[in-house]
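Written below as C-alpha cells is the structure these notes are about.
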Amino acid sequence: MTKLLIVESPSKAKTIEKYLDGAYTVRASVGHVRDLPKSNKKAIDIEGGFIPHYEISKGKEKVVSELRFLAEKASEIVLAPDPDREGEAIAWHIETLLKEDKKVNAPITRVTFHEITKDAVTEALKEPRAIDTNLRRAQEARRVLDRLVGYDLSGIIWKKVRYGLSAGRVQSPALRILVEREREIRAFIPETYWALSADFKTKAGASITLSCVEEPRDRKEVDRIIATANKEDWFIKDIKASEQKRSPRAPFTTSTLQQAASSRLGFSPSRTMMAAQKLYEAGHISYMRTDSTTLSKQAVASIASVIEKKYGKDYLEVRLYKTKSKNAQEAHEAIRPTHIEKVNAGTTEEQKRLYTLIWERTVSSQMADAKLLKTRVVGNVKSDSLPDFTMTGSQVLFPGWLVADPSARSEDVELPSIAVNEPLTLLQFTDLEKQTEPPNRYSEAGLVKELEARGIGRPSTYASIMKTIEERGYVEKVGRSLKPTDTGEVVSTFLEQNFMQYISDTFTAEMENELDDIAAGDRDYEKTLREFYTPFQKEVKEKDKLDKATTLEAADPKFKCPKCGSSMVVKLGRGGKFLSCSRYPDCDGALMIDGTEIKADEPIGVDPETQLPIYTKVGRFGPYVQLGEMPPKVKGKKQEKPKMASIPKEIDPSTVTVEMALHYLALPRTLGVHPDDSKDVIATIGRFGPYVGHDGNFRSIKKPLDPYTITLDQALELLAQPKKARGFQRKKK
C-alpha cells in the first residue's frame, strides 16, 4: 500500500513529489473542494448554531473522486495544504470527505511547511498532528460571517439602490475609505502660494541655486522679498554638515511586498500575489501570506554567509525585527528566498523581477547602516530681513545595505567649495505661482497600507478586496489611482447613512480581532456570531421600510426641469449620474449632468422594412434593442410584446446604429426543422449567452461559432451532444 500526500496546487505537488523519491503519491486538491452554495443564505443553519451546510465545489467532483480512490488504497494519508486558516479549512474539508468513504481506513494526519524545500518537507513529515480545530473554526466563522453580511446587505441594496449591486463586511469599509477621500478632494479649496528660488554665482565662479524655506501666500510679501533680494547684497549665512545613518527596512510581509511591488514594479496586488504564489510553489520563496517580519535562525545564518562572501564582513549586521501587527497570524516567517545564494529565480519576467525585489529586501535587512554626509547651505541678505534660502547636498560615505538594494539609493548632490560669510552674486530670482493641491487618491498599494494601518482585513484578503470593488464597478482606475464610480458613491453613502456601525474602522477591526481570538481558542464560534448577527439582522429588517436611495443630492439651482420648471436632483441611473425632476414620478423631465435634455424613449432610427422605430434600452439583464413601441397595459388582456434582442456586453449601447440593431434583431433565427420531428431549430442569445434550441432541448454555442452564422448541420451536431450534468451527482448504487 502507498502513502498519500495531499497539497493544494498541482505545481506544488510536482515539486514535492521530486523531493520524496517515490515514498509518497502526491496529489493536489486544486484549492477548496467544498464551499457554501452560492447566493443561498439557507445553507447556514442560524438557529441550530450557525452550522454551514457545505457542498462539493462545482467542477471538483473529479478531484474528490480521485482523492477517495487513492485514499482507499493508502496505508497513510497526510494533508499538507498551505500553513494558514484557509489551508487548515481545506485540510478539514478533505478529511471530512475522505472519512465519509467507508473504504478509507488509513490514519489521516496534518503537516505544515512554510517553504517548499526538501529539508522543510521532510522535517514537516516527521511532525504530523491533528487538524487545528480552532484555526479551522476561525476560517469558518469568517466565511459564514461574510456570507450572512453580504447576503443581507446586498439584498437591501438591491431593493433600495439598484438590482445586482452588492456589499460586504470588508469590501464596504474599503470602499468607504475611497469615497471619503473623494469627498475631501471635491471639498478642497485651493490656495495660491509662491515657490521662490534664486540662482547665484560664488566667489570662485561656481553656480548654485537656493530655495526659500517659506512659501508666501501674499503677493505683497513676494514683492517685498523680490525687491529686497535685488537691492541688498547676498552672502553665505551658514553651512552645516552632519553625518546621518540610514537603516535597512524589515523583510517583506504580504502588505509591504504588495506596496513595494506596486511602487517599484507597477504591479497590482493581485498580480503580485499570483507571481509570488508561483515562486512559492516552485520552492523559490517562503509562504507569501504573512504578517510577520521574523526570520528563522537558519535563514539569518545563510543570509550572513552570502553577505560576507559577496560584500565583506564590514557590511554584515545581524538584526532582529519585531512584528508590528498585534495579531500576526500563525507565527509565519517573513517572505524570503528559500535558497538565498540564488540571486535570480522564476520562469516569467514578472516572477524574476518580483524574486529580485524579495532577494534584495531580505539580504539588505541583515546589513550595516548606510552612512551619509548631509550638508545644508543657508544664504540671506546682509540685513537678514528675508526668510532663509537653502540647498542641501548629500554624499554616501559608506553604502552599507544600499549595495544590496540599489533602487533605494538616491543620487549624490555635490556642493561647490564655499565658506561661511562668502559673498554671493545674484543672477536670477524666480517666483513661481502655484496652488495647493487636494490629497491624492489612493493607489492599490496605498489602500492596502491604509487597510493594514486600520486593522481591516488580513494578508490573505487584501488582493481580493481590491479585485472585488473593481469587478463590482464601484471603483475605476485613473492612471494608478482608485476613483469611486457614481455607483460606488451611492452604495457607500447608503451604507454610511444606514449601517455606519457595521462598516466603521473600529467595528471591522474589532471583528478581525475576534476572529483571531477564535483561531487562538479564546472565543466561542457560535457566541461570537450570534452576538453580531442578532442586532445586525434586526437593523436590516428595520431598514426595509426605507425609500429607494437613487437620489444623491440637490442639483445646481440653475438647472430647471425642461417639462415643468421645477428644481432638479442628482440621481443615479444605469449609465451614471443624471438630473431628474424633483417631482418624479409625477413629472419625468430629465437632463444630463451638463444640462442637455434627455428625451425619454428617443428612437435611434427606423427599420426600413417595417417602418417601426428602433430603441436602445436597459433592462434587468442589461442593454437591449427593441423594435416598435411597448403597447399600453390593459388589465386582464395579454399584450403582444415588441421584438427585442440583447446588445453584446462588449458593445457600448450609446454607439449602437440602426444597422447594428437590425443585426441583433435578426435573432432568434430559425435554422430549419429537425429531421426527427420536423420541429423548428433556432439560434439566439439568452441571459447566459448564445445557444441553439429545439423542442425544449438547448445547447450553448461556443466560439468560433456564433448565433448569426451557425448552420442547421452545426446546430444538430451540438444538440446531439450529451447534456452536461449540473452540480454534484450522487453515485447510483
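Answer with yes or no whether G150 is without any contact (Cβ under 8 Å) to a residue 40 or more places away in the chain, among the small types (G, A, S) and on the phi < 0 side of the Ramachandran plot. Spelling it out, G150 is indeed without any contact (Cβ under 8 Å) to a residue 40 or more places away in the chain, among the small types (G, A, S) and on the phi < 0 side of the Ramachandran plot.
This table checks each residue for (1) closer than 30 Å to S567 by Cβ; (2) in contact with a Cys (Cβ under 9 Å, 6 or more places away or on another chain); (3) at pLDDT 75 or above; (4) in the same structural domain as P690 (by TED's automatic domain parsing).
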| residue | (1), (2), (3), (4) |
| --- | --- |
| T616 | yes, no, yes, no |
| Q626 | no, no, yes, no |
| K635 | no, no, no, no |
| K638 | no, no, no, no |
| K641 | no, no, yes, no |
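Out of curiosity, is M630 surrounded by 13 or more Cβ atoms within 10 Å (Cβ to Cβ) and within 25 Å of K702 (Cα to Cα)? Taking the combined requirement at face value, the residue does not satisfy it.
Residues that are in contact with a strand residue (DSSP E or B) (Cβ under 8 Å, 6 or more places away or on another chain) and part of a helix (DSSP H, G or I) within region 467-487 comprise I469, E470, D486, T487, listed in sequence order. Scanning region 348-388 for residues that are of a type in the set (V, I, T), over 21 Å from A120 (Cβ atoms) and touching a residue at least 40 places away in the same chain (Cβ under 8 Å) yields T348, T375, V377, V378, V381.
Being surrounded by 16 or more Cβ atoms within 10 Å (Cβ to Cβ), of a type in the set (S, T, N, Q) and assigned by TED's automatic domain parsing to the domain that holds G164 holds for only one residue in T528, T534, and it is T528.
Note on region 591-614: among residues that are among the acidic types (D, E), farther than 21 Å from I651 by Cβ and part of a loop (DSSP other than H, G, I, E, B), the one that is modelled with the lowest pLDDT is D594. Every condition in (1) surrounded by 13 or more Cβ atoms within 10 Å (Cβ to Cβ); (2) outside the structural domain of Y474 (by TED's automatic domain parsing); (3) of a type in the set (S, T, N, Q); (4) part of a helix (DSSP H, G or I) holds for N230 except the one numbered (1). Restricting the first member to region 623-643 and to residues that are closer than 28 Å to F688 by Cβ and of a type in the set (G, A, S), and the second to residues that are surrounded by 10 or more Cβ atoms within 10 Å (Cβ to Cβ) and modelled with pLDDT of 80 or more, the beta-carbon pairs closer than 8 Å and six or more apart or on different chains are G628/T610; G628/L612; G628/P613; G628/P642; G628/K643. Answer yes if at least one residue in region 434-448 is surrounded by fewer than 18 Cβ atoms within 10 Å (Cβ to Cβ), assigned to a helix (DSSP H, G or I) and not β-branched (V, I, T), and no otherwise. No, every residue in region 434-448 fails to be surrounded by fewer than 18 Cβ atoms within 10 Å (Cβ to Cβ), assigned to a helix (DSSP H, G or I) and not β-branched (V, I, T). Filtered by the rule that a residue be crowded, with 19+ Cβ neighbours inside 10 Å, of a type in the set (G, A, S) and over 15 Å from L447 (Cα atoms), region 461-494 gives G488, S492. For region 17-24, the count of residues that are in contact (Cβ under 8 Å) with a residue 24 or more places away in the chain and surrounded by fewer than 21 Cβ atoms within 10 Å (Cβ to Cβ) is nonzero. Scanning region 235-258 for residues that are part of a helix (DSSP H, G or I), in contact with a Phe, Trp or Tyr (Cβ under 9 Å, 6 or more places away or on another chain) and surrounded by fewer than 24 Cβ atoms within 10 Å (Cβ to Cβ) yields one hit, S255.
Looking at this structure, is R162 part of a loop (DSSP other than H, G, I, E, B), of a type in the set (D, E, K, R) and more than 30 Å from V377 (Cα to Cα)? So R162 passes the test.
The values are calculated or read from the model by the stated rules, or taken from the named source; none is laboratory data. Please read all numbers here as calculations on a predicted model, not as lab measurements. Don't worry about glycine lacking a Cβ; one is built from the backbone with ideal geometry, like all the others, and counts go over all protein chains shown.
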